[in-house]
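Worksheet for the structure shown next.
The values are calculated or read from the model by the stated rules, or taken from the named source; none is laboratory data. Remember, it's a predicted structure, so these values are computed and weren't measured experimentally. No Cβ is skipped: glycine too gets one built from the backbone with ideal geometry, and neighbour counts run over all protein chains shown.
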Amino acid sequence: MKQGQVLEFSWLLLVLLLALEPWLTRKNVIFGVVFSQNKFWTASYLKKLRWLYFSLICLMGIIIKLSVQSFGSAINLIVIGLPVILLLGTIVFGLFHQLVWRWQKQQPANHLQTNKRVTVDLKELAANEISSCWLIFLLVVPLLAAYLAVANYQTLPANLPIHYSLNGPDSWLPKQRACWLILANQALLAVTFIATGYLTRQAAASVHGSPQATPGYYHFRRSIYFFMIFAGLVSQIILLTPLLKVNHLTTWLNFLGLFSLPLLIGLPLLFFWLFIRRKKPHGPIIDDNSNWIWGMIYYNRNDPAIFVQKRSGLGFTFNMAHKLSWIYLIGFLVLVMVLGALAN
């Protein structure tokens, strides 16, 4: 499979995930608007909106693909097409969120949905927190990379590969620069995944309502937590490979990448289906739609959580009213810019 075909397949997968986002949520949440019961999922108006959104995203994906590829290389699908489709998808999702919210306000009130904050036993939440000791595993590979860089430096070739395509290495750097870049990337990955894992570990589900309002959340949170550790280890191992003196390295690296890609995509979907999608919410559900900007951006000054579960899509998102959220985002962008400068 050539690199262009891989990029086109990745683009198709990305567009499909964006188009299916209204389905990647609990059945009482539609375009980021929370309802009191699952029965609203089958309302004819909301079903039409979901399929209209699906068609629009797919159509935009086709138009962007044809337009961007006319400029030349297939890599433009990622460099140009990715930010464009994400921006347009966010705008379209926000418009549909407003339509659903307006429709909801026209429906009769239901006693299962309340504006009052439900009292939560914080001791119970603390008992369900995942031990942060698991994050120590993410330090093993960076330490190993530092050891290999020192121990193998004299016998490493003059140039080291720092990027791979399916056909083999496609970018090289002098040994001295490459070793520093690999170690810096290892440090960035370790810090990013450890910080994200630690903050996610402290994201309390019940702060936003009763535990029955989001059944299966604890299991889903635990699964995503260990999934992030797995994703971090896979990324670190791929970065580590240029420092290893192993024959047929490219073959093994390609095998690792192809083997891990379906897992990195499929596991969150599996966890979501097992622990979220199949569960039916019951008990008091807090109407906090006003805290979700366009159904995607969470902003709540009264919520101590930094990470909260997404309304639509998989995983977690920031509470943008929390100062640590901005510190985390800005710090991550600064690190990426520094590494980009080192690579060039």
Counting only residues that are of a type in the set (S, T, N, Q) and in a helix (DSSP H, G or I), the range 21-40 contains a total of 1
Can you find a residue that is surrounded by 20 or more Cβ atoms within 10 Å (Cβ to Cβ) and in contact with a strand residue (DSSP E or B) (Cβ under 7 Å, 6 or more places away or on another chain) anywhere in the range 262-283? no
Hey, any hits in the range 291-303 for a residue that's at pLDDT below 85, within 28 Å of residue 147 (Cα to Cα) and among the polar types (S, T, N, Q)? no
Looking at the range 287-305, which of the residues that are under 25 Å from residue 223 (Cα atoms) and touching a residue at least 40 places away in the same chain (Cβ under 8 Å) is nearest to the chain's Cα centre (by Cα)? 296
Filtered residues of the range 306-330 (kept if part of a loop (DSSP other than H, G, I, E, B), over 15 Å from the mean Cα position of the chain (by Cα) and either surrounded by 17 or more Cβ atoms within 10 Å (Cβ to Cβ) or in the same structural domain as residue 97 (by TED's automatic domain parsing) (or both)): 306, 322
Expected output for the range 216-234 (first residue of a type in the set (D, E, K, R), partner at pLDDT below 80 and surrounded by fewer than 18 Cβ atoms within 10 Å (Cβ to Cβ), Cβ below 8 Å, 6+ apart or cross-chain) is 221/130; 222/130
Looking at the range 5-39 only, could you name the residues that are among the aromatic types (Phe, Trp, Tyr) and either closer than 17 Å to residue 268 by Cα or modelled with pLDDT of 90 or more (or both)? 23, 31
Mind checking whether some residue in the range 69-90 is within 26 Å of residue 266 (Cβ to Cβ), modelled with pLDDT under 85 and part of a loop (DSSP other than H, G, I, E, B)? yes
Just one of the numbered conditions (1) among the polar types (S, T, N, Q); (2) surrounded by 13 or more Cβ atoms within 10 Å (Cβ to Cβ); (3) under 20 Å from residue 281 (Cα atoms) is not true of residue 107; which one? (2)
Can you name the residue in the range 51-68 that is of a type in the set (Ser, Thr, Tyr) and closer than 13 Å to residue 88 by Cβ and, of all such residues, is surrounded by the most Cβ atoms within 10 Å (Cβ to Cβ)? 53
